[in-house]
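First up is the structure itself, then whatever we jot down about it.
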Amino acid sequence: LNKISESDIEYYLLAKRPNNTNASLNNLRRNLSAFFTWMRKEKLISENPCDGVEPYHIIEKPIDHMEATEVEKLKLGCKYKRDRALIEFMRSTAMRRGEVPAVRICDIDFRSGKLVIFGEKSQKYRTVFLDDVTIHYVREYLKEREVSEGSREPLFTHIRGDKTKGLDADGVY
């Protein structure tokens, strides 16, 4: 391992190329680089052979988004007040679907629209805000459920069945 050179790394990645994407090859190069960085810190080698290996070019796909007319069709197609409230809630806060089930009604400050959530990806708390339109639809949904704004119940529940049990991430579609 202490005799591996930059050209050995390039040859290894070249041999892996037919079965892997450029992103996978970059991940493999990063893993090797981390290993050789550890070896350098332990003074087993003098320099990291991966330092001179250029990353493979990755073409980023454009983000697919809904047009305004598609969003309006989606909103008009809601059968239940919960669905409209959920759409507005996710639009306003930009929360991930895995973060939504953890929100309880009492977590929301309905005067300011402020909500502190635990980020699924970042593993940190962050503040999001509900706009006036979202607060309106959430309040309509809560009136239909006959639940007060200070309740400790989950914000979004199942339409049928146990109304005290919140949706899981798969229910937020």
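The values are calculated or read from the model by the stated rules, or taken from the named source; none is laboratory data. This one's a predicted model, so the numbers in the text were calculated from it and none came from an experiment. Glycine gets a Cβ as well: all are built from the backbone with ideal geometry, and neighbour counts include every protein chain shown. Just the protein is used for accessible areas: all its heavy atoms, side chains included, with ligands, DNA and RNA removed. Shrake-Rupley method; radii C 1.70, N 1.55, O 1.52, S 1.80 Å.
Every residue, every condition in (1) over 20 Å from the mean Cα position of the chain (by Cα); (2) among the aliphatic types (A, V, I, L, M), yes or no:
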| residue | (1), (2) |
| --- | --- |
| Lys79 | yes, no |
| Asp83 | yes, no |
| Ser92 | no, no |
| Val100 | no, yes |
*Tell me, please, whether a residue that is in contact (Cβ under 8 Å) with a residue 40 or more places away in the chain and over 30 Å from Lys165 (Cα atoms) can be found in region 26-44.*
yes
*Return the total of residues in region 43-91 being open to solvent by 100 Å² or more (accessible area, probe 1.4 Å) and closer than 30 Å to Leu32 by Cα.*
10
*asked:* Restricting to region 63-88, name every residue that is in contact with a helix residue (DSSP H, G or I) (Cβ under 7 Å, 6 or more places away or on another chain) and basic (Lys, Arg).
replied: Lys75, Lys81, Arg82, Arg84
*Could you tell me whether any residue of region 102-118 is open to solvent by 100 Å² or more (accessible area, probe 1.4 Å) and closer than 30 Å to Asn22 by Cβ?*
no
_Of residues in region 142-169 being of a type in the set (A, V, I, L, M, F, W, C) and part of a helix (DSSP H, G or I), the one least open to solvent (accessible area, probe 1.4 Å)_ = Leu142
_Can you say whether Leu142 is aliphatic (A, V, I, L, M) and touching a His at 6+ places or on another chain (Cβ under 9 Å), as far as the supplied structure shows?_
no
*Being touching a residue at least 24 places away in the same chain (Cβ under 8 Å) and either in contact with a helix residue (DSSP H, G or I) (Cβ under 9 Å, 6 or more places away or on another chain) or not hydrophobic (A, V, I, L, M, F, W, C) (or both) narrows it down to one of Glu153, Glu60, so name that one.*
Glu153
*Select from region 21-42 the residues that are among the hydroxyl-bearing types (Ser, Thr, Tyr) and surrounded by 12 or more Cβ atoms within 10 Å (Cβ to Cβ) and write down the one among them that is farthest from Glu6 (Cα to Cα).*
Ser24
_Residue satisfying all of: in region 122-140; loosely packed, with under 13 Cβ neighbours inside 10 Å and polar (S, T, N, Q); nearest to the chain's Cα centre (by Cα) among these_ = Ser122
_Enumerated helices (runs of 4 or more DSSP H) restricted to region 11-130, each holding at least 1 residues that are among the aliphatic types (A, V, I, L, M) and over 30 Å from Arg152 (Cα atoms)_ = 22-41, 68-76
